[in-house]
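What follows is a short report on a single structure.
The values are calculated or read from the model by the stated rules, or taken from the named source; none is laboratory data. Being a predicted model, the structure only gives us computed values, none of them experimental. Don't worry about glycine lacking a Cβ; one is built from the backbone with ideal geometry, like all the others, and counts go over all protein chains shown.
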Amino acid sequence: MNFEQTYKEFFKIIYSYILARVREDNTACDIAAAAWQKALKNFNSFDESKGNIRQWLFTIARNEINMHYRLYYVKKFLSLTGFEDTKISQEKAIEDSLIYEQEKQTLLSGLETLDKKERDIIALKFYSGLNNRQIAELVNISESNAGTIINRSMNKLRTFMEVK
């Protein structure tokens, strides 16, 4: 498989995973661009004996997300002016409904109640479309443990959504 085919096949799920983790479109676009740039740069050195292409791409994406958060916190706490990370908000599209936005915000708030590992696994499952076996391989846990974490996390989210 060449890079163009790989990009076409995996872009949507990688971007969805990144968006689920960072919860902001512009930031997700930047991280996705950095991840795909790194994948392109290292595409010829990809070794199938160490894992499949999907795992490799998700690992790159996860590393870029972690780098983003490390740099974000460094900038936040070591800021010279306090304005480095100011963003100009964009207008929402007219067709976005208020109910959809409220539910989305409630769900995102619910995701914040989960720990980092739970959020990561939920993002891999529902935003990236991976099955439990693929998730288990990616995060180095057993398949049954992945299922248990997903089930417990979903119960937490259901309870949160019902209360809100």
Worksheet item: Would you say K117 is modelled with pLDDT under 85, part of a helix (DSSP H, G or I) and farther than 26 Å from Y7 by Cα?
Response: no
Item to complete: Would you confirm whether any residue within segment 8-20 is within 12 Å of I60 (Cβ to Cβ), under 10 Å from the mean Cα position of the chain (by Cα), of a type in the set (V, I, T) and in a helix (DSSP H, G or I)?
Response: yes
Discussion item. If I ask for residues that are assigned to a helix (DSSP H, G or I), over 18 Å from T59 (Cβ atoms) and free of Cβ contacts under 8 Å to residues at least 24 places away in the same chain, which ones from segment 133-164 would you list?
Written reply: E143, S144, N145, G147, T148, N151, N155, R158, T159, E162, V163
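Does segment 128-135 contain any residue that is surrounded by fewer than 16 Cβ atoms within 10 Å (Cβ to Cβ), out of contact with any Ser or Thr (no Cβ under 7 Å at 6 or more places or on another chain) and either acidic (D, E) or at pLDDT below 85 (or both)? Don't jump to the end; show me each part of the working.
Taking segment 128-135 as the starting set, the residues that turn out to be surrounded by fewer than 16 Cβ atoms within 10 Å (Cβ to Cβ) are 129, 131, 133.
Now narrow it down to the ones that are out of contact with any Ser or Thr (no Cβ under 7 Å at 6 or more places or on another chain): 129, 131, 133.
Filter again for either acidic (D, E) or at pLDDT below 85 (or both), leaving 129.
Yes, that holds for at least one residue.
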Item to complete: Of all residues in segment 21-48, count the ones that are within 16 Å of T59 (Cβ to Cβ) and in a helix (DSSP H, G or I).
Response: 15
Discussion item. Based on this model, can you work out whether K104 counts as surrounded by 14 or more Cβ atoms within 10 Å (Cβ to Cβ) and either touching a residue at least 24 places away in the same chain (Cβ under 8 Å) or outside the structural domain of F58 (by TED's automatic domain parsing) (or both)?
Written reply: no
Fill in: The lone exception for F46 - which of (1) touching a residue at least 40 places away in the same chain (Cβ under 8 Å); (2) more than 27 Å from S109 (Cβ to Cβ) it fails
(1)
